[in-house]
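The values are calculated or read from the model by the stated rules, or taken from the named source; none is laboratory data. Bear in mind the structure is a predicted one, so any value in this text is a computation, not a measurement. So basically every Cβ, Gly included, is an ideal-geometry build from the backbone, and we count neighbours across all protein chains shown.
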Amino acid sequence: MAIRNEIFKWAKDLFPINRSLTGNGNRKTLRYIKKKINNLKFIEVPSGKKVYDWKIPPEWNVKNAYITDDKGKKILDFKNNNLHLVSYSTPIKKKINLAQLKKHLYTIKKIPDAIPYVTSYYKKRWGFCIKYNEYKKLKRGNYNVYIDSKFKKKGYLTYGECYFPGKSKKEILFSTNICHPSMANNELSGIVVAMAISKYLKKFKRNYSYRILFIPETIGAINFIHDNYHNLKNNIIAGFVLSCLGDNGKFSYVPSPKGDTLADNIILTVLKKYFKNFKKYSWLDRGSDERQFCSPLVDLPVVCITKSKFTNYREYHTSLDNLDFISQKGLETSFSMLKKCINLIDNKKFYSKKIPCETFLTKHKLIDTTNFFYKKNNKKINNNAVSDILSFCNGKNDVIDISKKCKLSISETNTYLNLLEKKKIIEKN
């Protein structure tokens, strides 16, 4: 079966699983992914491990959670929708009155038919999330609250990693999150699109190496950077954080802080050529793991790719972000766009000078031997263009980069690059 025909089925299969920063739901998700991508490796990080300014939290698992009224009727049930429970809620079994209960209920008045998604990872509390229309129906009286959850101080944070070696050790990074429960666009769409990329790369003739991460947001990325800092700094040449890629909205992306890295140039080139109606945000609009990969001292060339960007659509972080909000077409289009990015980046050639300092152009018959400022240049070779192009042959620029920086057409730039390569002044790498 073609990848594009499988992608929505993966989303349907994974949608009901309760995921969080840690726990059995994440492992269940990763086991499912491994069945489709057999080179997925599991990494378990022990709770309590210090990673820079953070600590890996205790492992959290939940078996059941609900609220009943004084007649035993269930008001809400975690098993019906896992968004009903505040993620990382502490266990409780208690009878309380309505006023006490309301202190632990979360609702959205502006979206009355939506269950909000709420977490409390780093402060112990318990809580439930409820539609505002249901919240209004609650009557005075006593309620039974029950949460069967457990914290393991000697537990683990689990994430998945696929590595596809290429001819070069230089890497392209794709990263997506596995910490959100039943929400389809944020972040399940990123998971299934990353799965599709992994299957595609398996059969792809790779010049570069590729690494795909399935990690809990923030703490997962921080741990990965902590454990792989030197490899990331030495080998990552471009990276893409995948988020909110399942709806039918136009593409958008959050650039790197510099805005001109290889990842920025790749995504802009593809979007301008194939998806003209896209939106470019500012680095100030960041919100996913690009915050970690691009943070000072890490400073990797990473952008975040989305459709309807996180926080910018009504259904975000609610039960309305369901399987009806995404589509087969939406997921396929995202996969197709990222394939174009892979094809473009994998065929990129970067140009390097072979000799330090200025090249002796007269020796190579690239400049007149008479140095007369006012003399008209009748040669077909543009001396300034040759000199400008050479100044950017630093091993980090390809033909697109050099043409932009020198304000030349790609065709003209290619002509000079081929000439310089023929004369063994530069080389491709």
### Query
Of these, Thr261, Thr269, which one is surrounded by 21 or more Cβ atoms within 10 Å (Cβ to Cβ), modelled with pLDDT under 95 and assigned by TED's automatic domain parsing to the domain that holds Cys179?
Thr261
#### Entry: Residue list for the stretch 284-317, filter: within 21 Å of Leu338 (Cβ to Cβ) and of a type in the set (Phe, Trp, Tyr)
Phe293, Phe310, Tyr313
### Task
Those residues that are under 23 Å from Arg31 (Cα atoms) and out of contact with any strand residue (DSSP E or B) (no Cβ under 8 Å at 6 or more places or on another chain), I need them from the stretch 228-258; list them, please.
Gly246
### Task
Go through the stretch 143-156 and give me each residue that's surrounded by 14 or more Cβ atoms within 10 Å (Cβ to Cβ) and either over 30 Å from His230 (Cβ atoms) or modelled with pLDDT under 95 (or both).
Tyr143, Asn144, Val145, Tyr146, Ile147, Asp148, Ser149, Lys150, Phe151
### Positions within the stretch 264-286 being free of Cβ contacts under 8 Å to residues at least 40 places away in the same chain and either of a type outside the set (Lys, Arg) or in contact with a His (Cβ under 7 Å, 6 or more places away or on another chain) (or both), in sequence order
Asp264, Leu268, Asn277, Phe278, Tyr281, Ser282, Trp283, Leu284, Asp285
### Task
Identify the single condition in (1) farther than 21 Å from Lys170 by Cα; (2) at pLDDT 90 or above; (3) aliphatic (A, V, I, L, M) that Val302 does not satisfy, given that it satisfies every other one.
(1)
### Message
Please verify whether Val192 is within 16 Å of Phe335 (Cα to Cα), modelled with pLDDT of 95 or more and of a type in the set (Val, Ile, Thr), treating the condition exactly as stated.
### Response
yes
### Query
Which residue pairs have Cβ atoms under 8 Å apart, sit 6 or more places apart or on different chains, and have a first residue in the stretch 157-175 that is surrounded by fewer than 21 Cβ atoms within 10 Å (Cβ to Cβ) and a second that is among the acidic types (Asp, Glu)?
Gly166/Asp346
## Note on the structure
Checked Leu173, Leu157 against criteria (over 18 Å from Thr22 (Cα atoms) and touching a strand residue (DSSP E or B) at 6+ places or on another chain (Cβ under 8 Å)); the one match is Leu173
### Message
Restricting to the stretch 157-178, count the residues that are in a loop (DSSP other than H, G, I, E, B), in contact with a helix residue (DSSP H, G or I) (Cβ under 7 Å, 6 or more places away or on another chain) and either hydroxyl-bearing (Ser, Thr, Tyr) or modelled with pLDDT of 95 or more (or both).
### Response
1
### Message
For the stretch 73-89, check the following and say yes or no: at least one residue is surrounded by fewer than 17 Cβ atoms within 10 Å (Cβ to Cβ) and over 18 Å from Gly25 (Cα atoms).
### Response
yes
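Tally time: how many residues in the stretch 107-148 are of a type in the set (D, E, K, R), part of a loop (DSSP other than H, G, I, E, B) and within 22 Å of Lys73 (Cβ to Cβ)? Before the answer, list the steps.
Of the stretch 107-148, the ones of a type in the set (D, E, K, R) are 109-110, 113, 123-125, 131, 134, 136-137, 139-140, 148.
Right, trim to part of a loop (DSSP other than H, G, I, E, B) and you get 109-110, 113, 123-125, 131, 136-137, 139-140.
Add one more test, that the residue is within 22 Å of Lys73 (Cβ to Cβ), and what stays is 113, 131, 136-137, 139-140.
Adding up the residues that qualify gives 6.
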### Query
Quick one: which of Ile17, Ile67, Ile3, Ile33 is closer than 21 Å to Ser198 by Cα, modelled with pLDDT of 95 or more and crowded, with 16+ Cβ neighbours inside 10 Å?
Ile33
### Task
Identify, by number, the condition in (1) outside any strand (DSSP E or B); (2) closer than 25 Å to His226 by Cα that Phe8 doesn't meet.
(2)
### Query
Under the condition of being polar (S, T, N, Q) and either under 33 Å from the mean Cα position of the chain (by Cα) or surrounded by 14 or more Cβ atoms within 10 Å (Cβ to Cβ) (or both), which residue from the stretch 410-429 is farthest from Lys272 (Cα to Cα)?
Asn429
### Query
Which number in (1) surrounded by fewer than 18 Cβ atoms within 10 Å (Cβ to Cβ); (2) modelled with pLDDT of 95 or more; (3) not acidic (Asp, Glu) marks the one condition that Thr362 misses?
(2)
### Message
Could you go through the stretch 225-234 and let me know if any residue there is surrounded by 22 or more Cβ atoms within 10 Å (Cβ to Cβ) and touching a residue at least 12 places away in the same chain (Cβ under 8 Å).
### Response
no
### Summary
Exception for Lys375 within (1) at pLDDT below 95; (2) in the same structural domain as Leu245 (by TED's automatic domain parsing); (3) of a type in the set (D, E, K, R) falls at (2)
